[in-house]
Amino acid sequence: MKLIIGSHVSFKKEDGLLGSVKEALSYKANTFMFYTGAPQNAKRLPINMELVDEAKKMMIDNGIDINNVIVHAPYIINLANGDDFAVSFLRQEVERCIKIGINKLVLHPGSYVSLSKEEGLNNIVLGLNKILNKDMNIKILLETMAGKGTEIGCSFEDLKYIIDNVKYNEKLGVCLDTCHINDAGYDISSFDNVMMEFDNIIGIERLLCLHINDSKNIRGSKKDRHENFGFGTLGFDNLLKIVYYPKLESVPKILETPYVSKDDDSKERLYPPYKEEIEMIRNKEFDADLISKIRSKYI
Ligand code: FE
Ligand code: FE
Ligand code: ZN
């Protein structure tokens, strides 16, 4: 089975998309995900198209299909609260993706904060209806959320409601995050059942991206804290089954597992784990020493 796997990578102003591709290749990935600027603020530099063209050539030369490359929308965008800022910022982000040639944009649906959940859901629908049109060559992938605070999207029913009510909903898909659905209460250890439920409620053809993360917390904790592949409560075998799930072969899998700290006491996360995690996933064998191996590379 062919595996489309990569990780979150950086997108820096010096080398833009070219740097992102180089980083992905350094992990032996064949796809990747990036933010087009800092996820926590609205500052955006113009896209350097020369670097984009160079990056695209490098992708072709190295077997990365741009159709599998994902952009993650800034997580400060909250369509659920109904303000115009979120709509205009997301619209700008959609335009940036189209300019680069990316056709999959992952979005956190939003948090309803002091509104009712129903109002939040309807604001998301309104916002998406302002942005989507039938001619645009991009899909917005609604991410499944852990249910932290007032997050919308922690059930398949939430996402179905949004999809059902958006006019051009052929432009909507779903990004399933394994840590998030575990924390939201889904039982990952019977993934066939989870997929059956997903297919019944949303339709498996909408599933266009997977975020592959282990979780630091137990099922239903509503926490959203990612753990390295095989080192959390989901475990290696459950995650491997998802990665190699035959019906999801063509779906890009993106690792958002945490950077590794210098030692167990240090809070500072310094070393990317993706090269080693991808290698371990390809080998299909758990390596309990993975974290210390990553650390030893940098000492
Ligand atoms: Fe996300
Ligand atoms: Fe995610
Ligand atoms: Zn998360």
>> Give all pairs with beta carbons closer than 9 Å in which a residue from segment 101-120 that is acidic (D, E) meets a residue that is modelled with pLDDT of 95 or more and open to solvent by less than 10 Å² (accessible area, probe 1.4 Å); count only pairs at least 6 apart in sequence or on separate chains.
In response: E119/A80
> Can you tell me which residue in segment 173-194 is surrounded by the fewest Cβ atoms within 10 Å (Cβ to Cβ), limited to those that are aliphatic (A, V, I, L, M) and either within 16 Å of ligand 1 (Cβ to nearest atom) or more than 18 Å from the chain's Cα centre (by Cα) (or both)?
Replying inline: V194
>> Which of the numbered conditions does N238 fail, given that it passes all the others? Conditions: (1) within 15 Å of ligand 3 (Cβ to nearest atom); (2) farther than 20 Å from N129 by Cα; (3) touching a Ser or Thr at 6+ places or on another chain (Cβ under 7 Å).
In response: (1)
> Could you say which residue among L126, L141 is surrounded by fewer than 18 Cβ atoms within 10 Å (Cβ to Cβ), of a type outside the set (D, E, K, R) and in contact (Cβ under 8 Å) with a residue 40 or more places away in the chain?
Replying inline: L126
> When only residues in segment 212-226 that are open to solvent by less than 10 Å² (accessible area, probe 1.4 Å) and polar (S, T, N, Q) count, which is nearest to ligand 1 (Cβ to nearest atom)?
Replying inline: N213
>> I need every pair where a residue in segment 276-299 that is more than 15 Å from F231 (Cα to Cα) and free of Cβ contacts under 8 Å to residues at least 12 places away in the same chain has its Cβ under 9 Å from the Cβ of a residue that is of a type outside the set (F, W, Y) and open to solvent by 30 Å² or more (accessible area, probe 1.4 Å), sequence separation at least 6 or different chains.
In response: I299/K262
>> Quick check on segment 227-249. Is at least one of its residues within 16 Å of ligand 1 (Cβ to nearest atom), open to solvent by less than 60 Å² (accessible area, probe 1.4 Å) and either closer than 25 Å to E23 by Cα or not aromatic (F, W, Y) (or both)?
In response: yes
> at pLDDT below 95 and hydroxyl-bearing (S, T, Y) - does that describe any residue in segment 110-122?
Replying inline: no
> Of all the residues that make up segment 66-117, how many are away from ligand 3 (no atom under 16 Å from the Cβ) and either aliphatic (A, V, I, L, M) or over 18 Å from H211 (Cα atoms) (or both)?
Replying inline: 34
> Can you list the strands (runs of 3 or more DSSP E) found entirely within segment 191-299 that contain at least 1 residues being closer than 19 Å to G153 by Cβ and among the aliphatic types (A, V, I, L, M)?
Replying inline: 207-212, 253-255
>> Every residue in segment 65-112 that is among the charged types (D, E, K, R) and either out of contact with any strand residue (DSSP E or B) (no Cβ under 6 Å at 6 or more places or on another chain) or within 12 Å of ligand 1 (Cβ to nearest atom) (or both), please.
In response: D65, D83, D84, R91, E93, E95, R96, K99
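The values are calculated or read from the model by the stated rules, or taken from the named source; none is laboratory data. The shown structure was predicted, so the numbers you read here are calculated from the model rather than taken from an experiment. Ideal geometry is used to build each Cβ from the backbone, glycine not excepted, and the neighbour counts take in all protein chains shown. Surface accessibility is based on the protein's heavy atoms, side chains included, excluding ligands, DNA and RNA. Shrake-Rupley method; radii C 1.70, N 1.55, O 1.52, S 1.80 Å.
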